[in-house]
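For reference, the structure discussed in these notes is given below.
The values are calculated or read from the model by the stated rules, or taken from the named source; none is laboratory data. Just so you know, these numbers come straight off a predicted model, no measurement behind them. Methodologically, a virtual Cβ is constructed for each residue, glycine included, from the backbone with ideal geometry; neighbour enumeration extends over all protein chains shown.
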Amino acid sequence: MVFLRYGELDVIDGAFVLVDSKGVRTMIPVGSLACIMLETGTRVSHEAVKLAARVGCLLLWVGDDGVRLYAAGQPGGARSDRLLYQASLALDDSARLRVVRKMYSLRFKDEPPQNRSIDQLRGIEGVRVRKIYEVLAQQYRVEWNARRYDQNEWDKADIPNRCLSSATACLYGISEASILAAGYSPAIGFIHTGKPQSFVYDLADIVKFETVVPIAFATAAKKPDKPESAVRYACRESFRKTKILKRLIPLIDEVLDAGGLERPKAETPESAPMAIANKESIGDVGHR
């Protein structure tokens with residue numbers, strides 16, 4: 001995957017290029033990339049989008065360093081096997097519970113209690129999360145009451161809660177980008193369900209206490225005039241330094257593999273052939 005910013009993405013002389021404001025062309029090997037993340041100040045031509053789709057390269061329109069995800073082109077790529085795998089895990093009660101237990105163990109660094117349902121694990125999780133907030137607040141010397149905010153009355157929330165909400169929003173952006181780049185659906189979750197970003201919340205929750213939550217409390221301790229932007233800049237810098245995408249994408253497969261189901265094939269013997277077959281291209285198998 002590559003990040004691109006401040007330039008126009010186009011196809012010139014059959015090549016995929018980024019042209020900057022001075023006319024300098026940078027060749028982009030689109031056929032060997034799984035994903036191109038388009039940051040601030042990027043424009044894309046119609047021909048560039050067509051070529052990216054043809055070779056199976058996902059385009060994502062994101063904020064700087066992935067702190068927001070605004071849109072995705074051809075999400076999921078040209079393959080159905082990963083979507084079927086994710087759905088089969090979510091629909092199998094035993095497999096789903098194994099996935100949730102794996103998420104729990106990765107998040108809290110220990111094994112969850114045995115013989116507990118997902119609802120019971122969620123309750124245990126809530127208690128531990130509240131305790132972690134209290135510990136971090138003491139560590140950063142931040143006055144902490146509770147995790148509460150109202151999106152309709154954002155300015156009435158205290159600074160720690162505003163910082164936490166902004167930090168998690170940044171993590172949701174990079175998490176959704178990871179899920180789409182890996183060829184899965186953001187909507188098919190295991191702990192969270194029924195929302196367009198259910199799996200995004202699942203994935204982000206695994207790593208948030210070691211990534212963006214300390215950033216939120218550290219920022220709140222400084223009592224900035226604009227806490228939201230201060231947190232966003234700090235998260236961007238952290239994502240860049242830690243190369244968080246290199247961790248998130250393998251983490252998705254690690255979590256799903258805990259379900260213990262065999263991955264389905266993209267095609268089955270019962271699949272009906274196309275009435276008029278298209279010419280095979282590199283984008284058919286997809287890179288994701």
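Restricting attention to region 147-191, the residues being without any contact (Cβ under 8 Å) to a residue 12 or more places away in the chain and either over 21 Å from Asp202 (Cα atoms) or of a type in the set (A, V, I, L, M) (or both) number 7. Within region 217-258, being under 25 Å from Gly189 (Cβ atoms) and touching a Phe, Trp or Tyr at 6+ places or on another chain (Cβ under 9 Å) holds for Leu245, Ile252, Val255, Leu256.
Filtering Ile188, Ile159 for residues that are under 18 Å from the mean Cα position of the chain (by Cα), surrounded by fewer than 21 Cβ atoms within 10 Å (Cβ to Cβ) and among the β-branched types (Val, Ile, Thr) leaves a single hit, Ile188.
What about Arg128, is it within 29 Å of Ala167 (Cα to Cα) and outside the structural domain of Glu237 (by TED's automatic domain parsing)? No; evaluated as a whole, the condition is false for this residue. I'd like to check something: does region 33-54 contain any residue that is of a type in the set (Ser, Thr, Tyr) and at pLDDT below 90? Checked against the condition, which is being of a type in the set (Ser, Thr, Tyr) and at pLDDT below 90, region 33-54 yields at least one hit. Quick one: in region 21-46, of everything that is charged (D, E, K, R) and surrounded by fewer than 14 Cβ atoms within 10 Å (Cβ to Cβ), which residue is nearest to Arg240 (Cα to Cα)? Step by step, filter region 21-46, then rank; the result is Arg43. Taking (1) in contact with a helix residue (DSSP H, G or I) (Cβ under 6 Å, 6 or more places away or on another chain); (2) free of Cβ contacts under 8 Å to residues at least 12 places away in the same chain in turn, Asp13 satisfies each apart from (1).
Would you tally the residues in region 134-146 being touching a residue at least 60 places away in the same chain (Cβ under 8 Å) and farther than 19 Å from Ser229 by Cα? Number of matching residues: 5. Output yes when any residue across region 237-251 is surrounded by 20 or more Cβ atoms within 10 Å (Cβ to Cβ), aliphatic (A, V, I, L, M), within 27 Å of Leu38 (Cα to Cα) and modelled with pLDDT of 95 or more, and no when none is. Within region 237-251, not a single residue is surrounded by 20 or more Cβ atoms within 10 Å (Cβ to Cβ), aliphatic (A, V, I, L, M), within 27 Å of Leu38 (Cα to Cα) and modelled with pLDDT of 95 or more.
Checked against the criteria, Thr211 does not count as free of Cβ contacts under 8 Å to residues at least 40 places away in the same chain, among the hydroxyl-bearing types (Ser, Thr, Tyr) and assigned by TED's automatic domain parsing to the domain that holds Leu89. Of the helices (runs of 4 or more DSSP H) entirely within region 177-246, those holding at least 2 residues that are among the charged types (D, E, K, R) occupy 198-207, 227-242.
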